[in-house]
Structures are given as C-alpha cells and as structure tokens.
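Undergrad: One structure is given below, represented as structure tokens, and several questions about it will come after.
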C-alpha cells in the first residue's frame, strides 16, 4: 500500500494565507493614493520623506505631466510603492499632516488665552508676564482696555486682533 495522499509525520504543514483579488486591488489603490499624495507635495516637504532615487524621479515626472500621462505615471508610482517599505513613508506623511494640526491647536490655545485676557484683565496679564518676562505689561493693559471699550461700543474689534498678534509674537517666536 502506498501513502500517496498522506504527509510524512515529520513534515510541518505551512499555513497558506489566501488573499482575494479584491483585497489585492484595494491594497494597490491605497499605495497609489499615497503616491498621489507624494506627488501633490511641495519640494521642501518631499525632501523630508525617505524615498529612493527612482521613486523621486517618478514623482518629479508625475508633477510635470498632465492628464493621461499623469494617470499612467501615478500607476507606475503605485507599482514602485509595492517594492519599497511603506512604513517610513507613511510615518513621514503622518508627521507632515500632524504639523498642520499642531499649528492649528496652538492658534486655538492663543485665542483662548486672548479671550481670558480680555475677560480677566490684570490677573491674566500677570500670568503672561510670569511666562514671558520680556512682555510689555503696559501695552497689554492698553490693548485690553481698548478691546473692552470697543466691545462695549459695538465697534470693530481692532484691539482684539492686535492682542492676538501680540500673543502670537510672544508664544510662537520662542
């Protein structure tokens, strides 16, 4: 008797992972989308992303092309993306996107600080002076008074904007 269909007991079975054609297409489209995002970046932002020469050349070409040639070049970039490690590229893109949201968050904090400054007056001025000893206390008091006066008289909020610009200079130019 032969043991045709049976494996030898010492051989380990390999686990085969089946990937559907649809899932492979989705993965390729995701890589192509990352490629499109790379093509849309400005040169200084593109320099911060770890890419090899062939990929950089393909991206620069895609930036020059229009219409159908650009579409084909994006597909080529997607094909190149399959051969490289996508993790460092994705991490660099995430950091670029996050920089924008961090800057927005800082501006929101400054807006809140400005509103608290207008509402609380001297208490907040003392806090700002403690954080930034080089800040001009007299200028801040003057701007706060003007902002409250403009608010009471329903005038345009010129001092309100000036306070924000002053705080922006103090906090973002550290």
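Derivation of every value follows stated rules applied to the coordinates shown; laboratory data play no part. Keep in mind the model is a prediction, meaning the values are calculated, not measured.
Undergrad: Under the Kirkwood approximation applied to all pairs of distinct alpha-carbon atoms, what is the hydrodynamic radius of the chain in Å?
TA: Averaging 1/r across every pair of different Cα atoms and inverting gives 21.7 Å.
Undergrad: Only helical DSSP H runs with n ≥ 4 go in: add -39500 (n - 2.57) per run for the chain, normalise by residue count and round the 222 nm mean residue ellipticity to 500 deg cm²/dmol.
TA: Taking each H run of at least 4 residues, the total per residue is -24000 deg cm²/dmol.
Undergrad: I've got another one for you. Compute a Gaussian network model of the chain, connecting alpha carbons closer than 10 Å, and tell me which residue from 133, 43, 88 fluctuates the most.
TA: Between 133, 43, 88, it is 133 that shows the largest mean-square fluctuation.
Undergrad: Still on this structure, please answer the following. Taking the Cα centre of each part, how many Å lie between region 53-87 and region 13-51?
TA: So the two Cα centres are separated by 11 Å.
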